[in-house]
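To start, the structure under review is shown below, and the notes come after it.
Each reported figure results from applying straightforward, stated rules to the coordinates on display, with no laboratory input. Just so we're clear, the structure is a prediction, and the values are computed from it rather than from any experiment. Glycine gets a Cβ as well: all are built from the backbone with ideal geometry, and neighbour counts include every protein chain shown.
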Ligand SMILES: Cc1ncc(COP(=O)(O)O)c(C=O)c1O
């Protein structure tokens, strides 16, 4: 006897990356930031009066949204705070895709998308990327042919780190009949010299949503805070109808705002991680891995036939050394490696060398 709805009984849940918690481990499996959040977060935490928890928080996280609007050059009514980027995805799917209608994405991509589509009982169309993780030229036509109501594209792409330029994304938004959600969970690790910035385009593009996460760039994965930028016509129904009342808690609002407004600290942190990422990639290349250029805080390393061990064996060997990286069954010859501190990256490289010897 099951009480689940049919579609819930049929679907698989999300597979989390392991979350071991030992001080000695090297955790490079879930794209967390290896550095602590801004000291202003600690100060805000210490200065937070627990008596404030007696009352409900600001219902729409006004202070955070004002700061996010300023940072991104949009209006406050173009911003909505969410309980992690994951809540933003759930809200977009439940607001814009009817049960039985079609949700679109590319594969490989963030494996939570089809899970959330399954909860909403909608169909999923997954357009395969090519061997270099690029879209097919007729992506919009394929998605329109499937009558897709909402498409999620992660940019920089996960798990490869490939960045699609703003003009190509905007062309897709213009060509699509439905809503385009650009998942920018890793946008902070894009080279600032590229000038890549989609945010202001939500003002004049009525089917464009942009997801931001405070988990990666701002070292707040444990807090659960993200936000959406979007045309007011898209933000309004989520803000006023589909989100939970008080969806982001009062303490989280204060801490997320403290992190978001310390731009010097964050930018310095991103520069360090990007430099470590590029150095780590060079080392992996010299060890015979193929590794696409990444604009995220992770690298996707592909083993070659010359290697003495498969990706799965390397995963296990690293785990025995208390080093965690991510393996995806649908990319069986690759490991996704989060960029860690210099010490963590060196430990990873040393372990890989010994496993491959
Ligand atoms: C591509 C992508 N989008 C969104 C998220 C959601 O991040 P969070 O809910 O921690 O803000 C993640 C988390 O790993 C991700 O990898």
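Adding -39500 (n - 2.57) for every DSSP H run of four residues or longer, then dividing by how many residues the chain holds, sets the calculated 222 nm ellipticity at -11000 deg cm²/dmol.
Considering every alpha-carbon pair of the stretch 35-154, the percent of pairs per 10 Å bin, from zero through the bin containing the longest distance, is 11, 29, 28, 21, 9, 2. Only residues of the stretch 307-347 count here: report those whose backbone N is under 20 Å from the spot 7 Å along Cα→Cβ of residue 22, or say none. Correct set: 313-327, 338, 340-341, 343-347. Model label points for residue 123 and residue 14, set 7 angstrom from Cα along the Cα-to-Cβ axis, are 2.6 nm apart. Kirkwood hydrodynamic radius of the stretch 39-261, from the reciprocal of the average inverse Cα-Cα distance over all distinct pairs: 17.8 Å.
Output the relative contact order of the stretch 297-341, whole-number percent, from Cα pairs under 8 angstrom with separation of 6+ residues.
On the way: 55 pairs, mean separation 22.9, N = 45.
Computed value for the stretch 297-341: 51 percent relative contact order.
Taking R0 as 51 Å, what's the FRET efficiency between residue 131 and residue 48 from their Cβ-Cβ distance, rounded to 0.05?
Details: r = 50 Å, r/R0 = 0.97.
Result of the calculation: an efficiency of 0.55.
Residues of the stretch 170-207 with backbone nitrogen within less than 16 Å of a virtual label 7 Å along the Cα-to-Cβ line of residue 141, please, listed as ranges. Answer for this model: 172, 175-177. The stretch between residue 7 and residue 353, if pulled fully straight at 0.36 nm per residue, gains 120.0 nm over its current Cα-Cα span. Taking the square roots of 5 times each eigenvalue of the Cα gyration tensor of the stretch 228-298, largest first, gives ellipsoid semi-axes of 37, 18, 11 Å.
Hey, fewest Cβ within 10 Å first, where do 66, 95, 205 land in order? Provide the component values of the computation, followed by the final result.
On the way: 66 14, 95 21, 205 17.
Least crowded to most crowded, the residues run 66, 205, 95.
Cα centroids of the stretch 54-108 and the stretch 35-51: 24 Å apart.
The stretch 116-177 and the stretch 288-316 have Cα centres separated by 25 Å. In the stretch 251-357 the Cα-Cα distances spread across 10 Å bins starting at 0 as 14, 42, 25, 14, 4, 0 percent of all pairs.
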